[in-house]
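Written out below as structure tokens is the structure these notes cover.
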Amino acid sequence: VTFTVEDHDGNRQSIEAPDDMGLSLMEVLKASEYPVLATCGGMALCATCHIEVLEGKNGLGDATDIELDQLESLPEYFPTSRLACQIRISDELDGAIIKLRGEDN
Ligand code: FES
């Protein structure tokens, strides 16, 4: 699948990722050398993998209660906010636009 990532400076880049390896969006962002801390390693405990889904939210499914709890603990989050570690790479992500929101990025 191919989707677009917007970094903290507003630069956009197209990213290709395999959708048959069970990877999370967080893992792909890190592998693409985006500065995602992911302190908790993808357990929905740290919220440092905070992203915003600018386009393509519909196919991604809803955030779980655990994910929402983490998002609500952030100083700033948006209706389109998600934790990248809780999104599996699937064809639903094709064409999506993701914006990095995690602190220290
Ligand atoms: Fe910690 Fe996603 S990596 S919440």
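Only the coordinates and a few stated rules stand behind these numbers; no lab work does. None of these values were measured; they are calculated from a predicted model. Positions of Cβ are generated from backbone atoms using ideal geometry, with glycine treated the same way; all protein chains shown enter the neighbour counts.
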Restricting region 3-60 to residues that are surrounded by 17 or more Cβ atoms within 10 Å (Cβ to Cβ) and among the β-branched types (Val, Ile, Thr), the residue that is farthest from Ile97 (Cα to Cα): Thr48
Scanning region 15-60 for residues that are within 13 Å of the ligand (Cβ to nearest atom), hydroxyl-bearing (Ser, Thr, Tyr) and free of Cβ contacts under 8 Å to residues at least 40 places away in the same chain gives Thr39
Which one is surrounded by the fewest Cβ atoms within 10 Å (Cβ to Cβ), of the residues in region 61-88 that are under 19 Å from Arg12 (Cβ atoms), of a type outside the set (Lys, Arg) and within 15 Å of the ligand (Cβ to nearest atom)? Ser81
